[in-house]
1. Would you say Q49 is open to solvent by 10 Å² or more (accessible area, probe 1.4 Å) and more than 26 Å from K22 (Cα to Cα)?
2. Mind counting the residues in region 55-92 that are part of a strand (DSSP E or B), more than 21 Å from P14 (Cβ to Cβ) and of a type in the set (S, T, Y)?
3. Just a yes or no: is a residue in region 5-20 touching a Cys at 6+ places or on another chain (Cβ under 9 Å), farther than 22 Å from D140 by Cβ and surrounded by fewer than 12 Cβ atoms within 10 Å (Cβ to Cβ)?
4. Report, by residue number, each residue of region 1-51 that is of a type in the set (A, V, I, L, M), part of a strand (DSSP E or B) and either free of Cβ contacts under 8 Å to residues at least 24 places away in the same chain or within 21 Å of C91 (Cα to Cα) (or both).
5. For region 93-144, give me each residue that is open to solvent by less than 40 Å² (accessible area, probe 1.4 Å), aliphatic (A, V, I, L, M) and either without any contact (Cβ under 8 Å) to a residue 60 or more places away in the chain or in a loop (DSSP other than H, G, I, E, B) (or both).
6. Looking at region 38-52 only, could you name the residues that are of a type in the set (A, V, I, L, M) and under 20 Å from the mean Cα position of the chain (by Cα)?
7. Within the bounds of region 84-92, is there any residue that is loosely packed, with under 14 Cβ neighbours inside 10 Å and modelled with pLDDT under 95?
Amino acid sequence: MKEQLLNKKIALVPEDHQTHRKIVLELDHTYQALVINFSYGPQEVPTEQAKEYIREALPLYNLPETAVDEFLPLVNLITVSLSCESEYIGCRHNKETQQTIRIAPEQSSLGFIPHEIKAGVWEIQLNLHCVRSEVSVHLDVRGV
């Protein structure tokens, strides 16, 4: 049976761009596995908004303003890192907006090391690589 340990919605804005959000999860007993369902959206930044950000960035790379359309669509990108009692468990950098991450002693999802799901302080970190529009994040964590 799956026990819900966390169900959280997080609203992000462009000011959150290139920052991190830490979500602390205290487990009071062990589990066979930890399942993190993570989703966010929208992935694509609205075109006019995206063009403004791209225009601002082009001079940093010595590119002409006429190159704006070459960088469309601009996408928001958020990834999840995980640690247990300050021990790094992993991260998978990908552009999927809906992910299920499973951590267990025998096998974990790609990018995460197999690990015992023990009582203690776990930390989920949202890595906000690119947030250039309003974005809604949903985290659902369950112990199995």
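1. Details: open to solvent by 10 Å² or more (accessible area, probe 1.4 Å): yes; more than 26 Å from K22 (Cα to Cα): yes.
Yes, satisfied.
2. Step one: of region 55-92, the residues part of a strand (DSSP E or B) are 75, 77-84, 87-91.
Adding the requirement that they be more than 21 Å from P14 (Cβ to Cβ) leaves 81-84, 87-91.
Those left that are additionally of a type in the set (S, T, Y): 81, 83, 88.
Final tally of qualifying residues: 3.
3. First pass over region 5-20, keeping only residues touching a Cys at 6+ places or on another chain (Cβ under 9 Å): 17-18.
Now restrict to residues that are farther than 22 Å from D140 by Cβ: 17-18.
Still in the list and also surrounded by fewer than 12 Cβ atoms within 10 Å (Cβ to Cβ): 18.
Yes, because at least one residue in region 5-20 is touching a Cys at 6+ places or on another chain (Cβ under 9 Å), farther than 22 Å from D140 by Cβ and surrounded by fewer than 12 Cβ atoms within 10 Å (Cβ to Cβ).
4. At the first step, the residues of region 1-51 found to be of a type in the set (A, V, I, L, M) are 1, 5-6, 10-13, 23-25, 27, 33-36, 45, 50.
Applying the additional criterion that residues be part of a strand (DSSP E or B) yields 5-6, 10-12, 23-25, 27, 34-36.
Passing the criteria: L5, L6, I10, L12, I23, V24, L25, L27, L34, V35, I36.
5. Once the filter is applied, which keeps residues that are open to solvent by less than 40 Å² (accessible area, probe 1.4 Å), aliphatic (A, V, I, L, M) and either without any contact (Cβ under 8 Å) to a residue 60 or more places away in the chain or in a loop (DSSP other than H, G, I, E, B) (or both), region 93-144 yields A104, V131.
6. Quick first cut of region 38-52, residues of a type in the set (A, V, I, L, M) only: 45, 50.
If the condition is that a residue be of a type in the set (A, V, I, L, M) and under 20 Å from the mean Cα position of the chain (by Cα), then V45 is the only one that fits.
7. Within region 84-92, one or more residues are loosely packed, with under 14 Cβ neighbours inside 10 Å and modelled with pLDDT under 95.
The values are calculated or read from the model by the stated rules, or taken from the named source; none is laboratory data. What you see is a predicted model; the values in this text were computed from it and never measured. FYI the Cβ positions are ideal-geometry reconstructions off the backbone, even for glycines, and counts take in every protein chain you see. Calculation scope for accessible area: heavy atoms of the full protein, side chains included, ligands and nucleic acids excluded. Shrake-Rupley method; radii C 1.70, N 1.55, O 1.52, S 1.80 Å.
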